[in-house]
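Right, one structure below, let's go through it.
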Amino acid sequence: MHKPVLTIFYQFNPWNATIGGIQTLINTFIKYAPSEFTVRLVGTSNDPSVALGKWQEAEFAGRELSFLPLLKLENDNVRGLIPTTLKYTTALLRQHLASDFMHFYRLEPTIATLNWSGEKTLFIQNDIKAQITSADDKNAILWRRFPEAYFALERLLIGQFTQIFSCNSDSLELYRKRYPKVGDRVAFLKNTFDEEIFYPLPMEERDRQRRNLAKKLGLAEETRFVLFAGRLHPQKDPLLLVQAIASLNDPNIHLLIAGDGELANQVRAEIGQLGLSERVTMLGALQQRELADLHRVCNVLVLTSIFEGLPFVVLEALACGTPVVTTRTGETPKLLSADSGVVCEERTPTCIADALRKVVLHPEQYPVTSCMRNAQPYAARTVINEVYSQMWQRWEQRVLSYS
């Protein structure tokens, strides 16, 4: 009996310091794949010496992985003039990569897979309706200019999926109402944190490492840290965050920005214009373990997003015992308790600054144990193993039915 084959389709290179919840989820599916499965990834490469369109055997997170780069992509944290999804879809049209299980994280590439046999799963990481129809930033996603075209494409492609997983309850309900014929295939799937990487430190060690970080950055020992971790993209609205730090106006509170993206230069310009060069440090894109080290010493994680699903970074912060300040978007407000973070009712610099001040100056109100308690049901090993277990059962049933 051959092993069941899972092929994952997404436009990234897992060995790069790539930013985004989708990338984190895929990495977790690779890392925690049972040995009974063969796992393949169809992605991109930034290595000129790598041959495109040819399978390579590699290792990722201690797991054997077959990797097929479809196109060259220098930096998947920054959008180009031609959307990467369009280039990836075009390259996929020349392939036939049907397998027992296929995982997709964008709708567009499945144009190429309509006639492929095998079990297909679509993962939805955002509130789709908010993402497509929001008027807050016309540059955030190309489909916002043509929402009816997107939904027409969705109607054409949605029937091919055996499963549709959403980490956002609003998107889940949207799909069930919009496509009642596939309503029973739509289910909620928790996003996760990797408990082997994200965990808290004892309080004395946490404070010692915070002081060490302050010293490394040339800051006063009593400095407290606010962390933003994510893509510098209109969806995340990092400019609003910088304006909130200006409104906070506390020299002992320092913002760390861990991420990269198309707004990086605008963020730097905003920092300079507001005179915040001594109170904000841009760290660029970090690997997961580097980010975990920051979570363990920062006083609060902040999100200023326009729309979201359930950000992985929220679960990772909570798992490290760090409270969260967020705008009211996505699943995060439903996840947080009064002793693990603050939800800002207004997307304004003043409101966000007030929430940050409250959390940073009163850490006793947001204990490590409360943060960890909220994260615990989302531990990756438990969630991912359950998905694989169900896949295995379905595959066994199919094999028995054919024998």
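The values are calculated or read from the model by the stated rules, or taken from the named source; none is laboratory data. Here the structure is a predicted model, which means the values were calculated and not measured. Reconstructed Cβ throughout: ideal geometry from the backbone, glycine too, with neighbour counts over all protein chains shown.
Brief remarks on what is shown
- From ALA292, ALA317, ALA269, residue being of a type outside the set (D, E, K, R), in a helix (DSSP H, G or I) and free of Cβ contacts under 8 Å to residues at least 12 places away in the same chain: ALA269
- Near pairs, Cβ below 7 angstrom, 6+ apart or cross-chain, from the range 225-245 (touching a residue at least 40 places away in the same chain (Cβ under 8 Å)) to any residue that is buried (at least 24 other Cβ atoms within 10 Å of the Cβ) and of a type in the set (Lys, Arg): GLY230/LYS236
- Any hit, the range 10-24, residues being touching a strand residue (DSSP E or B) at 6+ places or on another chain (Cβ under 7 Å) and farther than 25 Å from GLU108 by Cβ: no
- When the range 173-195 is filtered for residues that are of a type outside the set (Lys, Arg) and free of Cβ contacts under 8 Å to residues at least 24 places away in the same chain, the ones remaining, listed by number, are GLU173, PRO180, GLY183, ASP184, VAL186, PHE188.
- Test: residue in the range 170-187 that is under 16 Å from THR7 (Cα atoms), modelled with pLDDT of 90 or more and in a helix (DSSP H, G or I): no
- Search result, residues across the range 242-273 that are closer than 18 Å to HIS295 by Cα and aliphatic (A, V, I, L, M): ILE253, LEU255, LEU256, ILE257, ALA258
- TYR388 being touching a Lys or Arg at 6+ places or on another chain (Cβ under 8 Å), at negative phi and of a type outside the set (Val, Ile, Thr): no
- Those residues of the range 257-266 which are surrounded by fewer than 21 Cβ atoms within 10 Å (Cβ to Cβ) and in contact (Cβ under 8 Å) with a residue 24 or more places away in the chain, in sequence order: GLU262, ALA264, GLN266
- Single condition VAL383 does not satisfy, out of (1) of a type in the set (Val, Ile, Thr); (2) surrounded by fewer than 21 Cβ atoms within 10 Å (Cβ to Cβ); (3) over 17 Å from the mean Cα position of the chain (by Cα): (3)
- Residue ID - surrounded by the most Cβ atoms within 10 Å (Cβ to Cβ), chosen from residues in the range 333-368 that are of a type in the set (Gly, Ala, Ser) and touching a residue at least 24 places away in the same chain (Cβ under 8 Å): GLY341
- Residue in the range 319-327 that is of a type outside the set (Gly, Ala, Ser), over 18 Å from ILE245 (Cα atoms) and surrounded by fewer than 23 Cβ atoms within 10 Å (Cβ to Cβ) present: no
- Checklist (1) surrounded by fewer than 21 Cβ atoms within 10 Å (Cβ to Cβ); (2) touching a residue at least 24 places away in the same chain (Cβ under 8 Å); (3) out of contact with any Pro (no Cβ under 9 Å at 6 or more places or on another chain); (4) not charged (D, E, K, R) applied to PHE60, failing item: (3)
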